[in-house]
1. If you line up the Cα atoms of segment B:17-65 on their principal axes, what length do they span on each, largest first, in Å?
2. Please check: in the Gaussian network model of chain A (C-alpha springs, under 10 Å), which one of A:Trp160, A:Trp259, A:Trp96 has the largest mean-square fluctuation.
3. In Å and on Cα atoms, what radius of gyration and Dmax does segment B:124-239 show?
4. Neighbouring Cβ atoms within 10 Å as the yardstick, rank A:Phe231, B:Phe176 fewest first.
5. When the Kirkwood hydrodynamic radius is evaluated over all pairs of different C-alpha atoms of segment B:1-140, what value in angstrom, to one decimal, is obtained?
6. Over segment B:106-176, what number does the Rg to Rh ratio reach, with both radii from the alpha-carbon atoms and Rh per Kirkwood?
7. How far, in nm, would the chain grow between B:Glu295 and B:Ala228 when pulled straight, counting 0.36 nm per residue and subtracting the alpha carbon separation?
8. Could you tell me how many degrees, from 0 to 90 and to the nearest 10, lie between the Cα long axis of helix B:61-85 and the main elongation axis, the longest principal axis, of the Cα atoms of chain B?
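Here, each number is a calculation from the coordinates, and none is a lab measurement. Since the model is a prediction, treat every value here as computed from it, not as a measurement. Here Cβ is always computed from backbone atoms with ideal geometry, including for glycine, and neighbour counts include all displayed protein chains.
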Amino acid sequence: MSNSLYGPLHDVAEDAGYADPPARAGFFTDTSVCIGCKACEVACKEWNAVPDDGFALTGMSYDNTGGLGASTWRHVAFIEQSRPREVGDGDGGTRWLMASDVCKHCTHAACLDVCPTGALFRTEFATVVVQQDVCNGCAYCVSACPYGVIDRREGDGRAWKCTMCYDRIADGMEPACAKACPTDSIQYGPLDELRERARARLDELHEQGVAEARLYGEDENDGVGGDGAFFLLLDEPETYGLPPDPVVTTRDLPAMWKWAGGAAAALAGAVAVSFLGRR
Amino acid sequence: MPKRGGERAMVPRVEFGSYYGRPVLKRPRWQAPHLPGYLYFGGLSGAAAAMAAMADATGRGRLSLTGRVTAATAAAAGSALLVAELGRPERFLNMLRVFKPTSPMSVGSWVLATHGALTGLSAASGVTGAAPWLGRAAGAGAALTGPVLATYTGVLMADTAVPAWHEGYRHLPLLFAGSALASAGAVGMAAVPRGQAGPARRMALLGAGLELAAAGTLEKGAGMREQAELISEPYRTGRAGALLRLGRGLTAAGAAGAFAAGRSRTVAVVSGLALTGGALCTRFGVFYAGLASAEDPKYTVVPQRARRATGA
């Protein structure tokens, strides 16, 4: 129980109470081969019957989805960058970054920690899923997620997010987004295996001279104990709309209760003191 | 930075990367007046219950009755606001299907349910005169749940990814405790004859002092771990800053009035209203500061980058 709120945790499903769980499932999203086709967004909507979330144009880029939300469980970011052209800089000038974002299925999931109804739960695959027949729409998870992933759906009133296709993976199939991805930018599998594959891919890119390649969310010593869905990025996380160093809010919960306990005692003491002395 | 005409920016603009300036965090779905209203009523109910129990113990009948009725009414009003805030209000009882120590809202739901039942009993007994021993016992119980109800809301707000709320986890419970004391004291000194309202006036004074001190440290970011100046900025600027400044003025005026309220019922009522207004402004200010903090990616990105740079 020592690392149940914060820190590295190897047996995530066991910690949640499963006796003999399958290997932890994960996504490795290698953005260096993403072509921005958005097949993942479409496949996710189709398989999970996620309603549309408007047909507005953002006007900022080829990304007209904007970000993850109650009705967007995969989101393809599109970033156009211009660099000054230099002599010998073969493909310099402009580059496009594309990245398919998704719920991180954190080792220490703040959404799950703060959910007051038990609607959010840890599956045997160590993923995080909302039980829609339990959620009462209190929206605590929305404010707790350090990645801004989960949201409440307007008109429906409940919180929704990626389930890592719980129904598919329970039947031994890969999630719809990974299945549809034409370049294998989205890879699904046992998390340990994916981490090894990602490190090999990172070495390969560094050898090719892509010095800016880095992994995001694979480190179990980070603020959320590592992500079940992690990424290979070609720029700083915030360029993609990701927080550079997220920390699960519940890390500080014991300290918070201590301050609240002190404040409650102060309140009671102040009332008692007010009744001292003459009437 | 180019120098023109001898002018130069004294405060460097915050440089940070983002995805087209879009927020990293989701905008909290909690709304006004529901959430800040609940914070006010929860605090009022908690402190009023403690006041009523002490008034019982010291034989102040009118103050006790006022405290009991206030505690029960405010608990009911707060509960109604909480239920109305849900996306699926008809499922509010799902709050009580589990008890989760990691969820301040779960803990708070159980505290509110217990406190609501106890204050309801003690108020019913106080008003009807039936089963006075039961009323006193329930009131004594509510004096235990009350201080928890008034302060757990600080944890409720702080246990989020919203930087201004999260980093305020030391300040918010004390701020809400002070504000709750002032709120209950305000009702007591306005509603009870001057002769019995002495403790209420002292509660109002102590509460206003604590509220002003805690708000001051929160607005300065004193005690916040990193980038305190930046993370506390939403408490000083915009709608939240204006509300907190107004609240400070009202609370200070109400406290000054509470000094003189022993001599005039009119002064007691006016300063009670000022303290109530101050407490409401405090709650709405804290709420809007969180919205501003979540909506601008700089509050998320800059402190996290700094943390990564220092390896803390």
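1. 64, 19, 9
2. Looking only at A:Trp160, A:Trp259, A:Trp96, the largest GNM fluctuation is found for A:Trp259.
3. Cα only, segment B:124-239: 17.9, 57 Å (Rg, Dmax).
4. With the fewest neighbours first, A:Phe231, B:Phe176 line up as A:Phe231, B:Phe176.
5. Result for segment B:1-140 stands at 18.3 Å.
6. 1.17
7. Details: separation 67, 0.36 × 67 = 24.12 nm, distance 1.78 nm.
Value of the extension gain: 22.3 nm.
8. Roughly 40 degrees, rounded to the nearest 10.
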